[in-house]
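Here's the structure, in structure tokens; my notes come after.
The values are calculated or read from the model by the stated rules, or taken from the named source; none is laboratory data. Fair warning: this is a prediction, and the values are worked out from it, not measured in the lab. Here the Cβ is made from the backbone with ideal geometry for all residues, glycine too, and neighbour counts use every protein chain on show. What goes into the accessible areas is simple: the full protein's heavy atoms, side chains included, and nothing from ligands, DNA or RNA. Shrake-Rupley method; radii C 1.70, N 1.55, O 1.52, S 1.80 Å.
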Amino acid sequence: MSEITVILPDGETKGFDSAASVADALVELLSNKQRKQTVAVAVGDTLFDLSTRLDSLGQEQIELRPISIASDEGLDILRHSTAHLMAKAVLDLYGTNVKVAIGPAIEDGFYYDFEREIPFTPEDFESIEAKMQETVRGGIPFARKVISKAEAIALFEERGEQYKVELLKEIEGDTVSLYQLGDFVDLCRGPHVPDSSWLQVFKLIKVAGAYWRGDEHKQMLQRLYGTAFDDKKKLKKYLNDLEEAKKRDHRKLGKELGLFTISDQVGPGLILWQPKGALLRRLIEDYWKEEHYRHDYELLYTPHIARLDLWKTSGHLDFYSENMYSSMAIDEVQYQLKPMNCPFHIAIYKSQMRSYREFPLRWCELGTVYRYERTGVLHGLLRVRGFTQDDAHIFCRPDQLEEEIFNILDLNLNILATFGFDQYDIYLSTRPDKYVGSEEHWQKATDALKQALDKRGLAYQIDPGEGVFYGPKIDIKIKDVLGRSWQCSTIQVDFNLPERFEVSYIGEDGREHQPIMIHRALMGSLERFIGVLIENYAGAFPIWLAPVQARIMNITDAQGEYCENVYQELRRSGVRIEKDLRNEKLNYKIREAQLAKIPYMLVIGDREAESGTVTVRERSGKNLPPMSVSDFAAKIKEECTAMLG
Ligand SMILES: [Zn+2]
Ligand SMILES: [Zn+2]
């Protein structure tokens with residue numbers, strides 16, 4: 001028997017009998033505590049079960065990386081294993097009336113798709129969880145078996161599992177691996193936890209419809225979602241966050257706060273802004289425009305349609321057509337609803353001869369674009385068919401690129417900070433396999449992006465080869481108060497459009513040159529950004545953004561006239577105020593104002609009416625001493641100024 005040498009990442013090395021398993025080796029190489037945390041191992045990028053025999057790995061010297069159950073990879077294995085556990089429980093309970101499809105781990109947990117005529121109910125969830133716990137207590141091993149494809153097809157055919165048979169028939173190669181948990185057998189690459197006792201902490205979350213293979217012409221299945229963790233506390237936090245996210249759902253709050261609506265009659269994915277949402281949007285737009293003015297940008301407006309030919313020149317018809325709507329004929333010429341603003345800005349650029357002296361040109365537009373999205377993926381404000389980008393295009397000389405990127409980052413992070421976002425992940429995507437422009441240009445542009453990020457002292461990850469074909473880019477994902485990530489800002493260098501549109505300028509040498517074009521959006525789109533804002537603030541917007549800053553309410557009808565005067569005075573001084581002069585109990589009015597998440601309530605009784613003051617109650621319930629109407633107006637102004645820096 002020959003010996004196989006196992007090397008751990010910390011350098012620990014030992015020889016083993018070739019028939020030994022990974023688990024045998026780890027007993028010798030790891031401390032007890034480490035070993036109890038190790039759910040699988042990696043050799044290179046491939047993961048293996050602990051039961052894997054060392055000689056099956058085909059190397060005399062094996063570098064093994066233990067995978068901890070608490071790591072992302074470990075959690076994936078745990079969750080994927082829990083999907084098997086759930087499928088076993090469902091089959092144990094509902095037997096022959098159920099067919100199993102697929103069950104992977106996903107970002108926050110796992111799912112399994114089942115064919116079953118009767119819908120799963122919350123009561124079923126409890127029975128399924130109880131059944132799963134039974135198996136967990138049994139400590140049943142996940143046994144791996146490699147058999148021929150033909151044998152596997154025969155096995156699943158005999159069990160009536162036609163979805164597995166269909167998958168098997170498409171797999172290349174002669175053998176496949178199966179995992180057996182008790183009498184439940186699944187087609188699976190693995191790896192899995194050694195046995196079911198590892199799967200103590202899980203919870204079924206919800207059920208939703210899902211087509212087999214995501215194809216709406218195929219069978220509708222029931223997708224059971226669940227989550228699993230290595231630790232009870234983590235599950236508890238996850239479930240709390242989930243509850244909190246439900247309360248913050250922008251679709252629910254958008255309706256309750258009267259911000260926006262979507263009408264079937266108008267069409268899915270098309271946002272109708274109600275007065276308060278429209279005001280919120282205007283406040284954001286005004287702030288955005290002012291910030292851009294301060295950063296030396298110029299504002300553009302462009303139309304919503306253009307000749308189809310424009311989109312041929314831009315290349316969108318070739319590589320973006322699946323996101324575009326059908327064209328329409330106007331005077332027998334085809335026109336197209338715009339999916340992007342870029343070609344319009346280029347047309348403005350080309351309306352006259354440009355000189356290097358004018359550079360950089362920084363042109364911004366709140367440009368409304370229309371893109372096709374499948375009905376199934378539309379989601380409130382977050383995924384829509386018509387949206388307004390906070391777009392900008394910068395035309396500059398190559399030597400100005402780094403400074404321009406730096407300026408964009410600066411503006412970007414300032415704007416995000418004003419909205420309360422100061423946690424983000426930044427990604428720099430570099431040249432993909434297919435690209436336009438010269439390698440030298442790519443290198444210079446990528447270096448410029450890096451240098452700007454470094455100069456601003458920002459940490460970033462490099463996504464090699466993930467750039468768009470036309471140039472490298474920076475993406476910024478913001479984190480909200482629940483720690484959720486949202487992609488919003490993007491900064492892209494473009495070597496393609498200037499070429500396609502033959503964009504040029506006259507350089508210092510008197511010759512024509514091609515400028516560098518940068519596309520960028522900071523918020524992404526107003527719709528999506530406002531959706532994120534609603535969830536981040538749970539609808540309780542800071543004073544500078546609140547569509548209604550204060551609501552005035554009388555205690556009895558006797559103060560009606562005084563309230564009316566105060567209302568008029570505050571409105572004239574620019575405070576966004578509402579009045580509630582209904583003949584209702586004060587507590588009732590206060591409760592309603594609190595539900596509407598209005599920052600300040602002005603309560604008016606006889607005392608206030610006589611002394612010409614207002615009593616101010618904060619959204620939190622705290623009462624401030626009475627103050628004059630003008631002092632209140634000044635207080636609001638001061639608070640807004642402080643937030644806007
Ligand atoms: Zn599996
Ligand atoms: Zn663009």
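Below are the figures for this structure:
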read-out	value
Of all accessible heavy-atom area on segment 358-459, the percent that carbon and sulfur account for (1.4 Å)	42 percent
Derived scalar couplings ³J(HN,Hα) [segment 287-295; Karplus, 6.51 cos²θ - 1.76 cosθ + 1.60; whole Hz; x for Gly, Pro]	4, 4, 5, 4, 4, 5, 4, 5, 9
Label point distance in nm, residue 287-residue 129, each placed 7 Å from Cα along Cα→Cβ	4.0 nm
Distant-in-sequence amide H partners of residue 324 (H built 1.01 Å from N, under 5 Å)	372
Share of carbon and sulfur in the accessible heavy-atom surface of segment 46-198 [1.4 Å probe, %]	48 percent
Average accessible surface area per residue within the chain, 1.4 Å rolling probe, Å²	49 Å²
Relative contact order of the chain, defined on C-alpha pairs under 8 angstrom at six or more residues apart (%)	8 percent
Helix axis angle, 629-644 relative to the chain longest principal axis, alpha carbon, degrees	40 degrees
Residue 571/residue 481 FRET efficiency (R0 22 Å; Cβ-Cβ; nearest 0.05)	0.10
Furthest towards positive pole of dipole, 70, 112, 85, structure part segment 43-153, Cβ charges	85
Percent carbon-and-sulfur accessible area, segment 203-295, ignoring ligands, DNA and RNA, probe 1.4 Å	51 percent
Backbone HN-Hα couplings from phi across segment 63-71 [Karplus 6.51/-1.76/1.60, Hz, Gly and Pro as x]	8, 9, 10, x, 9, 6, 4, 8, 7
Dipole magnitude of segment 273-337 about its Cα centre (Cβ charges: Lys, Arg +1; Asp, Glu -1), debye to nearest 20	300 debye
Segment 190-268 versus segment 321-400: alpha-carbon centroid distance in Å	34 Å
Space enclosed by the convex hull of the alpha-carbon atoms of the chain, per residue, Å³	235 Å³
Dipole moment magnitude, nearest 20 debye, the chain about Cα centre, only Lys, Arg, Asp, Glu C-beta charged	1900 debye
Two-site label geometry, residue 466 and residue 93: point separation in nm, points 7 Å out along Cα→Cβ	3.8 nm
Unit charges at the beta carbon, dipole of segment 531-623: most positive-side option, 563, 616, 543	543
Charge sum, other residues only, whose C-beta stays under 12 Å from residue 112's C-beta, Lys/Arg counted +1 and Asp/Glu -1	+2
Relative contact order (%) - criterion: Cα under 8 Å, at least six apart; region: segment 554-645	26 percent
Nearest-20 debye value, segment 422-546 charge dipole, Cβ charges on Lys, Arg, Asp, Glu	340 debye
Ordering of 396-407, 302-313 by burial proxy (mean other Cβ atoms within 10 Å per residue, highest first)	396-407, 302-313
Cut-off under 5 Å, modelled amide H: who pairs with residue 221 long-range	210, 211, 212
Residue 63-residue 327 pseudo-label distance in nm [points 7 Å out on the Cα-to-Cβ vector]	5.5 nm
Protection proxy ranking, peptides 206-213, 227-234, average beta carbon neighbours within 10 Å, highest first	227-234, 206-213
Crossing angle, helix 439-455 versus the chain [Cα axis fit, 0-90 degrees, rounded to tens]	70 degrees
Packing rank of 79-86, 583-590, 66-73, 168-175, where each peptide gets the mean count of other beta carbons within 10 Å, highest leading	79-86, 66-73, 583-590, 168-175
For the chain, with +1 on Lys and Arg beta carbons and -1 on Asp and Glu, the positive-most of 327, 481, 574 along the dipole	574
Segment 197-241 - percent relative contact order, Cα under 8 Å, separation 6 or more	41 percent
